[in-house]
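The values are calculated or read from the model by the stated rules, or taken from the named source; none is laboratory data. Being a predicted model, the structure only gives us computed values, none of them experimental. Reconstructed Cβ throughout: ideal geometry from the backbone, glycine too, with neighbour counts over all protein chains shown. Accessible surface is based on the protein model in full, side chains and every heavy atom, while ligands, DNA and RNA are left aside. Shrake-Rupley method; radii C 1.70, N 1.55, O 1.52, S 1.80 Å.
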Amino acid sequence: MANVRTEKRDVAWNYIGTVFSMASNFALLPFLLAYLSDDELGLWYVFVAVANFTLLFEFGFNPTFSRNIVYCMSGARRLLKEGCDFGSVQEGVDWHLLKCLFKASRFIYAVIAVVALVAVSTLGSVYVGYLTRDLPGVSHWVAWGIFCLSMFLNLYYFYILTYLRGLGDIASENRAKTFARLAQLLISAALLVAGGGLVGAAVGFFAYGLLLRVFAMRSFRRHHEVQVGLASDRSEPTRQEVRDVLSTVSFIAWRDGLVQMASYLSSQGSSIVCSLFLSLSQTGMYSLLLQLAMAVCGFACAFVRSFLPMFQSAYAEGDRLLLKQIVERGISMLWILLLFGVGGVLLFVFPLIPVFKPGVELDPLIFVALCFYLGLYNQHSVFCNFIISTNRIPYLLAYVLSAPIGMALSVACIVLLGWGAWGLVAGQAVAQLAYNNWRWPQFVLKELELDYPVAMTQGFRYWLKWARGHIGTLSKTIRRSL
């Protein structure tokens with residue numbers, strides 16, 4: 001059995017990838033503020049919101065394929081629509097089954113990419129045309145065309161990242177993202193300085209997707225044991241075998257896709273609502289705060305999410321103690337890092353923004369409120385990640401209902417109460433607090449025979465002991481050197 005384990009390098013590169021993604025966004029921000037007008041900045045964030053929306057077209061296939069690849073690498077000989085067939089788990093890997101998973105993954109992403117391209121180039125263009133009806137020139141349309149092509153490539157090349165995540169190689173996945181993000185930063189910054197405007201920023205976005213595929217494919221080919229194992233299977237997957245895999249995987253995938261769509265509406269979708277009811281400049285300022293808050297929450301969740309392949313493998317092996325430890329230590333670390341992230345942005349990022357964009361006013365209270373809302377949202381999302389790691393998705397209806405309710409409440413708060421950006425936060429927060437924020441943590445903890453205060457206490461004690469041990473070791477090293 002090829003057990004999947006999260007190593008220190010996986011956690012390290014997951015953080016490098018997350019931190020560098022945050023840092024690159026922050027590093028690009030001065031160029032965006034300095035070389036784009038207020039309307040162009042607002043339109044840029046609308047483009048980004050639409051690009052993130054197109055990722056929903058992959059409709060849950062990425063985590064579902066990755067999860068089933070983990071099961072296959074852990075010795076499963078048969079895939080189920082729900083749960084794991086523990087009786088089929090044996091020593092070694094069924095390389096033919098893995099080959100079927102890989103081929104089905106590549107096929108489905110090709111289909112998804114084409115469908116997404118048709119959608120964004122038609123309906124998306126109508127939406128962009130409405131927002132830019134008063135903007136002169138055609139540069140925004142050129143930028144939008146590049147964005148459409150970028151979205152197509154980003155979706156199609158998703159299959160490479162699926163392979164790496166399924167093999168538990170979080171390090172290589174994040175290394176590829178980091179190098180591609182660095183290239184995007186350098187290209188976008190250079191073109192913005194050269195006067196490229198929105199088009200320059202869009203070209204950098206295009207380069208990110210293209211180079212991500214190159215770096216990820218190189219990492220995948222370095223898995224020599226997998227390459228040898230796949231080569232040892234002489235028979236190619238038949239169409240029927242690929243259809244069977246797609247039938248099995250799609251049962252959870254399309255449900256997970258609905259969840260991802262609901263999650264998008266409950267977080268980044270507020271930028272689209274903002275663009276419809278507020279000005280483009282107001283949209284730009286709110287979207288900037290939202291991106292900062294999402295970066296902080298992404299940083300906070302990176303640790304626990306790097307252990308999801310290990311959680312999935314532990315579930316397949318029935319290692320209950322390891323499941324508890326991952327939950328306790330992961331959720332407690334989420335809140336520790338969230339507090340550090342919020343403090344860091346308020347102390348170091350907020351004071352720098354007026355330097356690059358004189359006269360800009362960002363409300364720190366809205367930022368803190370966004371971080372608290374997204375912190376609670378990401379916490380229950382992580383617990384849902386634990387649930388779907390067991391190949392179940394009982395939270396589908398709750399997600400699908402809470403998202404439009406939150407959007408409706410947000411619109412009501414803006415239109416009827418005149419709360420502006422505060423209405424976007426308040427409407428979504430009420431919808432999530434009513435059920436999702438508490439229900440899914442309770443669901444997981446009950447199955448593991450834990451309760452929230454005990455789990456958090458155990459987690460904080462572990463990290464306090466870990467910190468004391470490392471500080472003690474560091475102190476001894478310093479004393480010896482002196």
With labels modelled as points extended 7 Å from the Cα through the Cβ direction, what inter-label distance (nm, one decimal) is found for V400 paired with E361?
4.4
Along the dipole axis of the range 362-482 (charges at Cβ: +1 for Lys and Arg, -1 for Asp and Glu; origin at the Cα centre), the most positive-end residue among L397, P453, N385 is P453
Just tell me the longest site-free run in the chain, where the sites are GluC sites (Glu not before Pro) in a DSSP loop having at most 14 other beta-carbon atoms within 10 Å.
92-360
So for the chain, what are the equivalent ellipsoid semi-axes in whole Å, largest first, each being the square root of 5 times an eigenvalue of the Cα gyration tensor?
35, 28, 24
Trypsin sites (Lys or Arg not before Pro) within the range 206-289, DSSP loop, no more than 14 other Cβ atoms inside 10 Å
R222, R234
Computed over the chain: relative contact order in percent, which uses C-alpha pairs under 8 Å that are six or more apart
22
Tell me the relative contact order for the range 362-482 as a rounded percent, counting alpha carbon contacts under 8 Å between residues six or more apart.
25
Please work out whether the range 311-433 counts as rounded, prolate or oblate from its C-alpha gyration tensor, where a ≥ b ≥ c are the square roots of the eigenvalues and a/c under 1.5 means rounded, while otherwise a/b larger than b/c means prolate and anything else oblate?
oblate
Given charges at beta-carbon only (K, R positive; D, E negative), |dipole| of the range 203-307 in Debye:
200
Longest DSSP-loop-exposure-free segment, chymotrypsin sites (Phe, Trp or Tyr not before Pro), the chain, at most 16 other Cβ within 10 Å
1-418
Helix-only mean residue ellipticity at 222 nm, the chain, DSSP H runs n ≥ 4 weighted -39,500 (n - 2.57), per residue, nearest 500. What is it?
-26500 deg cm²/dmol
When the scattering of the range 239-362 is computed by the Debye formula from its Cα atoms alone, each counted once and equally, what is log10 I(q)/I(0) at q = 0.13 Å⁻¹?
-0.81
Which value, in debye to the nearest 20, gives the size of the charge dipole of the range 339-476 about its Cα centre, when Lys and Arg are +1 and Asp and Glu are -1 at the Cβ?
460
Could you tell me how many cubic angstrom of Cα convex hull volume the range 282-355 has per residue?
85
How much accessible area per residue does the range 322-380 have, counting only protein heavy atoms and a probe of 1.4 Å, in square angstrom?
44
Calculate the tail of P(r) for the range 382-474: the fraction of all Cα-Cα distances greater than 22 Å, expressed in %.
52
Simple Cβ-charge dipole of the range 107-203, Lys/Arg +1 and Asp/Glu -1, about Cα centre, in debye nearest 20:
100
At 1.4 Å probe size, with no ligands or nucleic acids counted, give the accessible surface of L212 in Å², nearest ten.
20
Check each of the trypsin sites (Lys or Arg not before Pro) in the range 359-446 and keep only those in coil by DSSP with at most 16 other C-beta atoms within 10 angstrom; list them in order.
R392
Given a 1.4 Å probe and every protein chain left where it sits, what share in percent of the accessible area of the chain is carbon and sulfur?
67
At R222 and I471, where each label point lies 7 Å from the Cα along Cα→Cβ, what is the point-to-point distance in nanometres?
3.6
Just want the answer: with Cβ charges of +1 for Lys and Arg and -1 for Asp and Glu, which residue in L80, F59, G129 is farthest toward the dipole's positive end in the range 53-142?
L80
